[in-house]
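*Asks:* Following this message is one structure expressed as structure tokens.
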Amino acid sequence: MGPPRPDFTNDPALRSWVPVDEGSPFPVQNLPFGVFRHRRRVRAGVAIGDYVLDLARLQEDGLLGGIPLPRRAFDRDSLNGFLALGRPVWRAVRQRLCELLTESRWRPRVEPALLGMSEVELLLPVRPGDYVDFYASLYHASNMGRILRPQQDPLPPNWRWLPIGYHGRSATVVVSGTPVVRPRGQVSTPDGPVLTPTLMLDFELEVGFVTGPGNALGRPIPVEEAWDHIFGLLLVNDWSARDIQAWEYVPLGPFLGKSFATSVSPWLVTLEALAPFLVPLAPQEPAPLPHLADPEPLTYDVRLEVALVVGGREQVVSRTSLRHLYWSLAQMLAHATSNGALTRPGDLWATGTVSGPEPGSYGCLMELTWRGQRPLALGDGLQRSFLEDGDTVVMRGWCEGQGAVCIGLGEVRGTVLPAV
Ligand code: CA
């Protein structure tokens, strides 16, 4: 019930026998899960410092015994099967890994399963059967309303009653580093619609969460149980073609302006690792209906930033935090299943653009440049209203706090290629 609370695996005093640089995003208190290719074999692992621990090898070598795992649970091309097992198993594996990596007596047996991060190719951690994108930041939704519908109330009348979302395209969820081809689409002009490469290519800074075991068809996940289904978080760049989106989105919502690419970071950071960074959500007014009333309205203080790399120069253009969400992750999952819709292990859900209250904390160019009216100055006379070919977008996330060890989400990166 509720999000996991800290246990011995979060102790800041823990040290691994694996060398971990000060300030690494992946100390032994983190242990994020991912999928990698090494010498043509694809397996699951966890990150520690500059290493990947091969979980398939650990299980083969009998080091995960006593945990109710299927045979070759990690000798797979996704974590979907592991996600189906649920929190007691997720937690047991994490606690075992913590022991194996901190107690030096295990070093001789565990060390053969360590691979250098630079020796492996990181792949998508899950095969999302379904992908949903929400719209859960009050600041983002308010800004978009002011930009798109300046004569009206910026928030639609349903916004404070339910976490608005739409179904995205899971097939075009790609791992960090995958280039993004500028999409073509229909755009409205004074002379009528034309087919053109988008002229308003944007990023959206979001956090995703993946779920398992999920529900049975026709059975909603109650909000008070929803946290139990959330495995962990990753970074999401929901690339957006604003001109295509503007022409197509009424009345059924985003479609081709979004479905050409969604980039995610390769490491899933568990809610267990994030437990020291729980913070309350801002009060919700009006109170949600009972089926969305989260008894623990919490989020995580995940610091987020976006950098643009233009002409070889990197510049941070936004800094914000996941604490600025209005809706909790549990409320999003409860809402999405409140009609009995099925979720399956490995499904991906994204929060929607995470914007904060200040202009420097807005999570997309649409807001940062106010629909291109105020281009961003990037130094050397360079400026951007929207993304140009060759630009690289880098999003980073991490948690830090007094007395706590820094827990990193790593980064999600993508470069824009010209339209074909
Ligand atoms: Ca979005």
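*Asks:* Using Cα pairs under 8 angstrom and six or more residues apart, how large is the relative contact order of the chain, in percent?
*Replies:* 22 percent
*Asks:* Take every Cα pair under 8 Å in the stretch 11-106 that's 6+ residues apart, average their separations, divide by the length, and report that relative contact order as a whole percent.
*Replies:* Values: 125 pairs, mean separation 25.9, N = 96.
It comes to 27 percent, rounded to a whole number.
*Asks:* When only the heavy atoms of the protein chains count and the probe is 1.4 Å, how do Leu268, Leu69 rank by accessible area, highest first? Mind showing how you got there, number by number?
*Replies:* Values: Leu268 0, Leu69 30 Å².
Heavy-atom accessible area, descending, gives Leu69, Leu268.
*Asks:* Now for a separate question. Multiply the residue separation of Glu99 and Asp301 by 0.36 nm, subtract the distance between their alpha-carbon atoms, and state the gained length in nm to one decimal.
*Replies:* Details: separation 202, 0.36 × 202 = 72.72 nm, distance 2.68 nm.
Additional length available on full extension: 70.0 nm.
*Asks:* Taking a virtual spin label 7 Å from the Cα of Leu289 along the C-beta vector, which residues in the stretch 304-335 bring their backbone nitrogen under 11 Å of it?
*Replies:* 335
*Asks:* A further question on this structure: Quick one: pull the percent of accessible area on the chain belonging to carbon and sulfur, 1.4 Å probe, ligands and nucleic acids left out.
*Replies:* Carbon plus sulfur share of accessible area: 53 percent.
*Asks:* Relative contact order, percent, of the stretch 273-420 when contacts are C-alpha pairs under 8 Å separated by at least 6 residues?
*Replies:* Working: 232 pairs, mean separation 34.6, N = 148.
About 23 percent, as a whole number.
*Asks:* Just from its helices, what would the mean residue ellipticity at 222 nm be for the chain, if runs of 4 or more DSSP H residues each count -39500 (n - 2.57) and the sum is divided by every residue, rounded to the nearest 500 deg cm²/dmol?
*Replies:* Working: 10 runs with 69 residues, N = 420.
So the helix-based figure for the chain works out to -4000 deg cm²/dmol.
*Asks:* Whole Å is fine, so just give me how far the alpha carbon centre of the stretch 28-75 lies from that of the stretch 362-420.
*Replies:* That distance is 32 Å.
*Asks:* Just how much of Thr415 is accessible, in Å², when a 1.4 Å probe is used and the result is rounded to the nearest 10?
*Replies:* The value for Thr415 is about 50 Å².
*Asks:* Rounded to whole Å, give me the distance from the Cα center of the stretch 204-266 to that of the stretch 129-148.
*Replies:* 11 Å
*Asks:* Test of understanding: what is the full-extension gain from Val42 to Arg319, defined as 0.36 nm times their sequence separation minus their Cα-Cα distance?
*Replies:* Details: separation 277, 0.36 × 277 = 99.72 nm, distance 3.48 nm.
Between Val42 and Arg319, full extension yields 96.2 nm more.
*Asks:* Send over a whole-number figure in Å² for the accessible area per residue of the chain, probe 1.4 Å.
*Replies:* Numbers: 17460 Å² over 420 residues.
Accessible area per residue: 42 Å².
*Asks:* Sticking with this structure for a sec: With a 1.4 Å probe and all protein chains in place, put Glu314, Glu411 in order of accessible area, largest first. Walk me through the intermediate numbers first.
*Replies:* Numbers: Glu314 95, Glu411 60 Å².
My answer, sorted largest first, is Glu314, Glu411.
The values are calculated or read from the model by the stated rules, or taken from the named source; none is laboratory data. Here the structure is a predicted model, which means the values were calculated and not measured. Here the Cβ is made from the backbone with ideal geometry for all residues, glycine too, and neighbour counts use every protein chain on show. Side chains included, ligands, DNA and RNA excluded: accessible areas come from the protein's heavy atoms. Shrake-Rupley method; radii C 1.70, N 1.55, O 1.52, S 1.80 Å.
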